[in-house]
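The values are calculated or read from the model by the stated rules, or taken from the named source; none is laboratory data. If you're wondering where the values come from, they're calculated on a predicted model, not measured in any experiment. Methodologically, a virtual Cβ is constructed for each residue, glycine included, from the backbone with ideal geometry; neighbour enumeration extends over all protein chains shown. These accessible areas exclude ligands, DNA and RNA; they are computed on the full protein's heavy atoms, side chains included. Shrake-Rupley method; radii C 1.70, N 1.55, O 1.52, S 1.80 Å.
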Amino acid sequence: MQTSILSRKLVDTYRAIATSTLGHITDTGYLKGITAQTPSKRLIGRAITVTLPPVDGSMIREALASAQPGDVLVIDMGEDTDRACWGELRTLAALNKQVAGVVTNGCATDIPALKQLHFPVYATGISAITTRPVNGGGHLNETVRLADTVIEPGDLVVGDADGLYALSPQAALELAQPALAKQDWEAWYRQELVATDMAGAEQA
């Protein structure tokens, strides 16, 4: 269980950091193969972890009930990754709770509706077969593993059009300043390239 606490200040810092910037610095925490299934709205927040048994999505209801504004549901489907655990009705419930988004190593469904709701959904794909309310168990806020990355409750989840990261509070703290410095350098270099291009055009 995560012992470090993710501060609001650190979360706010990451609102200005792109996942591609993190990708220049580290591979650790990258959730390979889990991508935005809806128009890519920025995703950032504290992880609430959910583990589902085969077929049964009942534990998601409990996760939504306990969620706080800005939380991100991180759902581990185990071996049942061809099944969709997330769709339109759960999105509406999540919006009512002001949840920031959802991440799963399973699939999503109701894609036309999800695209209209402007809610970040990151999954491995799309599926018509879904979880069902079996009430057969599952776990809330325990360690999960998605895309070979261990995620603890309280970790920082950062997603955008380029991909998805899950970082421990300590890793997020250590990477923040290098990431901001990288983006500052890129902003300077971008201006240099534009200035060089304009100078060349004037001489042509």
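Out of 87, 101, 78, I need the residue that is under 18 Å from residue 156 (Cβ atoms) and touching a residue at least 12 places away in the same chain (Cβ under 8 Å). Which one? Outline the logic, then answer.
Numbers: 87 fails: under 18 Å from residue 156 (Cβ atoms); 78 fails: under 18 Å from residue 156 (Cβ atoms).
The conditions single out 101.
Taking the range 115-136, which residues are loosely packed, with under 14 Cβ neighbours inside 10 Å and over 16 Å from residue 83 (Cβ atoms)?
Correct list: 115, 116, 118, 135.
Does at least one position in the range 172-184 carry a residue that is charged (D, E, K, R), in contact (Cβ under 8 Å) with a residue 12 or more places away in the chain, open to solvent by less than 60 Å² (accessible area, probe 1.4 Å) and more than 23 Å from residue 89 (Cα to Cα)? First the steps, then the outcome.
Step one: filter the range 172-184 for residues charged (D, E, K, R), giving 174, 182, 184.
Restricting the remaining residues to those that are in contact (Cβ under 8 Å) with a residue 12 or more places away in the chain gives 182.
Within this subset, residues satisfying the condition of being open to solvent by less than 60 Å² (accessible area, probe 1.4 Å) are 182.
Narrowing the set further to residues that are more than 23 Å from residue 89 (Cα to Cα) leaves 182.
Yes, because at least one residue in the range 172-184 is charged (D, E, K, R), in contact (Cβ under 8 Å) with a residue 12 or more places away in the chain, open to solvent by less than 60 Å² (accessible area, probe 1.4 Å) and more than 23 Å from residue 89 (Cα to Cα).
Could you figure out which of (1) in a strand (DSSP E or B); (2) over 21 Å from residue 101 (Cα atoms) isn't true of residue 193?
Going through (1) in a strand (DSSP E or B); (2) over 21 Å from residue 101 (Cα atoms) one by one, residue 193 breaks only (1).
May I ask you to say which residue of 72, 55 is of a type in the set (Val, Ile, Thr) and over 16 Å from the mean Cα position of the chain (by Cα)?
Working: 72 fails: over 16 Å from the mean Cα position of the chain (by Cα).
On inspection, the qualifying residue turns out to be 55.
Restricting attention to the range 34-49, and to residues there that are buried (at least 23 other Cβ atoms within 10 Å of the Cβ) and either among the polar types (S, T, N, Q) or touching a His at 6+ places or on another chain (Cβ under 8 Å) (or both), which single residue is modelled with the highest pLDDT?
Step by step, filter the range 34-49, then rank; the result is 49.
What's the number of the condition residue 21 fails, among (1) in a loop (DSSP other than H, G, I, E, B); (2) open to solvent by less than 60 Å² (accessible area, probe 1.4 Å)?
(1)
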